[in-house]
1. What is the diffusion coefficient of segment 82-176 in µm²/s, taking the Kirkwood radius over Cα pairs and the Stokes-Einstein relation at 20 °C with a viscosity of 1.002 mPa s?
2. Once fully extended, how much extra length lies between Val134 and Ala404, figured as 0.36 nm per residue of separation less the alpha-carbon to alpha-carbon distance?
3. Could you name the lysines whose alpha carbon sits less than 23 Å from that of Lys364, not counting residues in the same chain fewer than 8 places away?
4. Specify the inter-centroid distance of segment 28-106 and segment 427-450, based on alpha-carbon positions, in whole Å.
5. How much FRET efficiency would the formula 1/(1 + (r/R0)^6) give for Glu314 and Ser354, where r is the Cβ-Cβ distance and R0 is 25 Å, rounded to 0.05?
6. Can you give the three extents of the C-alpha atoms in segment 104-156 along their principal axes, from longest to shortest, in whole Å?
7. About the Cα centre, and with charges only on the beta carbon of Lys, Arg (+1) and Asp, Glu (-1), how big is the dipole of the chain? Nearest 20 debye, please.
8. Simple spin-label model, 7 Å along Cα-to-Cβ: Ala95 to Gln281 in nm?
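What follows is calculated from the coordinates using simple rules that are stated; it is not laboratory data. Quick caveat: nothing in here was measured; it's all calculated off a predicted structure. Counting neighbours? That spans all protein chains shown, and the Cβs are built from the backbone with ideal geometry, glycine included.
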Amino acid sequence: MNYFPIFLDLTALKVLVVGGGEVALRKVVLLERSGASITLVAPEVLPELQERAAAGKINLGIREFVPDDLNGSRLVIVATSRRAVNRWIASLSEARGIPVNVVDDREASRFIVPAIIDRDPVMVAISTAGTSPVLARRLRERLEAVIPKKIGELALWLRALRHTARRRLRDTDERRRFFETIVDGPAARRFVDGDARGAQSIAQQLLARTSATPRVPGEVTLVGAGPGDPELLTLKALRALQDADVILHDRLVPEGLLDMARRDAARICVGKAAGSIGSTQEEINALLIEHALQGKRVVRLKGGDPFIFGRGGEELEALSKAQISFSVIPGVTAAAGCAAYAGIPLTHRDYAHSVTFVTAHADKDGREPDWRALAKPGITAVFYMGLARVEHIAAQLVAHGAAATLPAAIIAQGTLQDQRVITGTLATIADVTVASNVQSPALLVVGEVVSLQSQLAWFNSAAPLEVSRSA
Ligand SMILES: C[S@@+](CC[C@H](N)C(=O)[O-])C[C@H]1O[C@@H](n2cnc3c(N)ncnc32)[C@H](O)[C@@H]1O
């Protein structure tokens, strides 16, 4: 992060603007809304600025800037047409520790001014750190279109409701849930549609109901996070993440995905990496139960789909025994996500009529997979957790009747930017895997469908970009 985003209260603080043209005028108009005490200095100024001075809205000095103008200033905006002068004023401001912005000169600026959507008191600020004003503008236009015009009034109404909620509801958890129901439900919808009375009546009913009913018990939602690309999260999963009080997540769940969770939700990594806690299944179950019993909304975030080699069933059994209510939000399992991003259709009318997901680990009684069934023609087999056993798997399939020429692929870090796809045959895949030095997590896909990969690869493939000559 190059810039730290803050909203500054400038009420009655001196802000110095140097420059008297259009740009300076735009900055003054913006600053006026903040309640700052504006001083503007320039040898020539637009009539609009003079009018503002005559109306007592700004202090105007029609003259060249002098260093003493900085005295008492808390913020400086420089907008003259002379670059050398701008930079000189910027260095003087820096020397005095006063944050300075030089319009259109990011290098000389200590702060930059974001693109904003102002629905007072709601304000959305967008910055591309000066890399692309056009992108910032486009983002603002898109957000403008989806943020209701009355969002500011909604915020003021919610503030008024907070007083009542503080008196009537028992604690912060209960109040937060009350406001989530208001903001996510019909009350806020009615309000932004212009029916403030209807919204108020829904809020009153909800308040009465919430304060009269026993405290809501905690619950656990098992959420599938998908194989890696955060955008493969379902809408329902996103909602659960944003509502959660506590998130217990696997080590494989990428940081980008956790960033989508509520900022103040407690995050607990229960993966097996060094330094994380709760690495045994019993400890994870105990943590889930402990937090749910405290009345928390717990999300158990698991890579891929919770019910596919995810021990989701075991966790639900423990919750069921402890009489904790639970629900499950499925996720894109690694086989589906990685095969799609690798360009390997798992079934295809010409090559495979079924697909089997197999764990490459022997089961807990030491039993091996049904190699004979997996070696049959016309099927695709996807091996999870198989990187260390590629040689064994390939040998077993050949020993049970599969052709040594049957295509096979390793997909590592599937769906992520560093995804790697390595292809070969049952005879060669073990050697190419070792030679390519691929790392976990990885899947082994075996079947005729793998032969389509060279033709259907699309993600991160180095296809030449067609650029029209006239562009
Ligand atoms: C314990 S299993 C969990 C599977 C998960 N529940 C699912 O539905 O995808 C972990 C295995 O999934 C596979 N896997 C998970 N994410 C992957 C990814 N991004 N790329 C390749 N394989 C992945 C690997 O075989 C890894 O060893």
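1. Values: Rh = 16.7 Å.
Using the Kirkwood radius from Cα pairs, D works out to 128 µm²/s.
2. Details: separation 270, 0.36 × 270 = 97.20 nm, distance 5.55 nm.
Here the answer is 91.7 nm.
3. Lys272, Lys302, Lys321
4. About 64 Å separates the Cα centre of segment 28-106 from the one of segment 427-450.
5. With R0 = 25 Å, the Cβ-Cβ based efficiency is 0.40.
6. Principal axes ranked by extent give 39, 20, 11 Å for the Cα atoms.
7. Values: 56 positive and 51 negative charges, 316 e Å.
Charge dipole, the chain, about its Cα centre: 1520 debye, nearest 20.
8. Once both label points are built, they end up 7.0 nm from each other.
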